[in-house]
Amino acid sequence: MKAAKEILFMKNEDTMYNSKEELVKQILQKGKTLKDSNIDEELIHELISGKVSKNINNSHDENFTLGQRTADKIATFGGSWTFIISFGVVLTIWIIGNAVILSSKAFDPYPFVFLNLILSCLAAIQAPIIMMAQNRQSERDRLTAANDYLINLKSEIIIEDLHKKIDILMEQQQDNKGIQELLLKTVEELRKQLGK
């Protein structure tokens, strides 16, 4: 009897594993076929058994070159209040220094042509650096979205699996309740027979 229960349990366990795979396929096939999906069989097994969440920032930042890290730091500084305030102070000193203090010996008199040249050069250099940083940020966002999708998919699979298990337990509870009522009736009948 015990061996039969163990075989039955192993069979149910295999059925549950297969039903998880079938559940994954069923979830993925709701909107489209698995063949048209960009998810393959290995990913299904990984979703069922492995951990899919990872820190995208750490894994993405490890592959940066020196130029990319420098561009990110420049873009971070260029978009900060520190840069805006310090740049405003430099511009104010430049204008007051050339227009008021050095008015007779100014190296960049009133139309501030040299200042315009410096600002244009700064903008020309800073724009591509900021665009490189934005491209890397959008790549990081794509990786984060893909990771979020896998986590959400695995969560959906686990929740569906738990729903199925709860349904099975409720069915077994109903069956056990019926068996218990039958046993109670049998015990009552045996008591009546023994009492006669």
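Per 0.36 nm of contour for each residue apart, how much would the distance between L190 and N152 grow if the chain were fully extended, relative to their Cα-Cα spacing?
Stretched out fully, the L190 to N152 stretch lengthens by 8.1 nm.
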**OP:** Report the calculated FRET efficiency for V100 and I125 (r = Cβ-Cβ distance, R0 = 25 Å), to the nearest 0.05.
**Re:** 0.25
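Here, each number is a calculation from the coordinates, and none is a lab measurement. This is a predicted model, so every value here is computed, not measured. Neighbour counts are summed over all protein chains in view; Cβ atoms, including those assigned to glycine, are modelled from backbone coordinates with ideal geometry.
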